[in-house]
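The structure appears right after this line, and notes come after that.
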Amino acid sequence: MTRAAALGGLVLFVGLTLLLSELRWFRRTGLEERLGPYAAARRPLGGGGMLSAASFREAIAPLSRLVGERLARLFRVGEELGIRLERIHSPIGVTGFRVRQVGWSVAAFGAAVLACIAADPPVPVAVAAVVSAPVAAFGVLEQQVARKSARWQQRIFLELPVVSEQLGMLMGAGWSLGAAVARIAERGNGACARDLGRVQARMQQGLSEVDALREWADLAGVAELDRLVGVLALDRETADLSKLISEEARSIRREAQRRLVESIERRNQQVWVPVTAATLAPGVLLMGVPFVDALTLFAA
C-alpha cells in the first residue's frame with residue numbers, strides 16, 4: 001500500500017506541476033517575457049519556465065514523433081500521417097499529434113499500473129494489462145484519424161458529381177478554370193468547396209490551375225477525382241470542355257449508384273445472419289434430444 005501511495009503521489013505531483021505552470025498565479029514570468037512587449041522587434045515567446053507544459057512538450061516532441069512512427073509501422077499503417085492530417089484540414093501537425101498519442105499512452109500506462117496495484121491481479125494478467133493499455137490508447141487515436149480520413153474521402157466522392165456539373169456549367173458559360181474554382185470555393189460549404197479553397201490559395205501563391213488541382217487529387221486519394229482533374233487539364237487544348245466534364249459527372253454518378261446498391265445488398269445479407277443463427281440454435285437442440293435419448297438406450 002505504501003508503494004502504491006508513493007507512486008500515486010509522484011504522478012499527482014508531476015501532473016499538478018505541469019497544470020499549475022500554465023497559470024500566471026503559480027509561475028514566475030521570465031525577464032525576456034516581461035520585456036517582450038517593449039521590444040522593437042518582438043518575436044513569439046513560448047512562455048513558461050523549465051517546469052512548464054510548453055517546455056515539456058518541446059522536449060518530448062522529437063522522441064514522440066520517432067516512437068509514433070515506429071508504432072505506426074508496427075500497426076501496418078500504409079499512408080503517412082501528414083497526408084491524412086492535411087486531408088482532413090487538421091489544425092495540428094504530425095509532431096503535435098504524435099505528442100498527444102504518447103501523452104495518452106503514458107496516461108493509460110499509469111492508469112493500468114495503478115489499477116493493477118490496487119486490484120493485485122495475477123502476474124500474467126497484470127503484465128498483459130500494463131502492456132496492452134498504452135498500445136490500445138495509441139491505436140485508438142490512430143484509428144480516429146484513419147476513420148476521419150476515410151469519411152472525408154467519401155464526402156469528396158459523393159460531392160464530386162455536383163461539383164463537376166457546376167464546373168461544366170460555369171466553364172460552358174465562359175468562365176475560366178481558375179475563376180470557376182474560386183466561385184465554387186466561395187459559394188460552397190462542403191468538403192470539395194473547402195478543398196477548392198486550398199486550391200485557390202495555392203493558385204494565388206503562383207501555382208498553375210492544373211498543378212494545384214493535381215496536388216489536390218494526389219492529397220485526396222480519390223480515383224474519380226484523378227479522372228476529373230485529367231479532364232480539366234485539357235482546358236487549353238479543347239474548345240468545348242463542358243461536355244467532357246458532364247460525361248465525367250455522369251460516370252461518377254453511375255459509380256456512386258453502383259456503390260449504393262452494393263452497400264444495400266451487403267446490409268441485406270447482414271440482416272440474415274442473426275435470423276439464421278436464431279433459427280439454427282432451436283433446431284440443433286431439437287435434433288439433440290432424440291440423439292441423446294438413443295445413446296442412453298444403447299448404453300443401457
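Per-structure values
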read-out	value
Backbone HN-Hα couplings from phi across segment 245-258 [Karplus 6.51/-1.76/1.60, Hz, Gly and Pro as x]	5, 5, 5, 5, 5, 5, 5, 5, 5, 5, 5, 5, 5, 4
Residues F291, F109 arranged by fewest to most Cβ contacts within 10 Å	F291, F109
Computed magnitude of the charge dipole of segment 155-255 (debye, nearest 20; Cβ of K, R +1, Cβ of D, E -1)	280 debye
Net charge over other residues, Cβ less than 15 angstrom from the Cβ of L234 (K, R count +1; D, E count -1)	-4
Segment 155-255: relative contact order as a whole-number percent, Cα under 8 Å and 6+ apart	36 percent
Label-point separation in nm, Q270 to Q143, each point 7 Å along Cα→Cβ	1.5 nm
Rounded, prolate or oblate (a/c below 1.5 giving rounded, otherwise prolate when a/b exceeds b/c) for segment 155-255 by Cα gyration tensor	rounded
Ranked by how many other beta carbons lie within 10 Å on average, peptides 82-93, 213-224 from highest	213-224, 82-93
Length gained when the stretch V131-T238 is fully extended (0.36 nm per residue, less Cα-Cα span)	32.4 nm
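Read-outs throughout are calculated quantities, based only on the coordinates presented, and are distinct from any laboratory measurement. Owing to the predicted nature of the structure, the values given are computational and were not obtained by experimental measurement. Cβ atoms come from the backbone with ideal geometry, glycine included; neighbour counts cover every protein chain shown.
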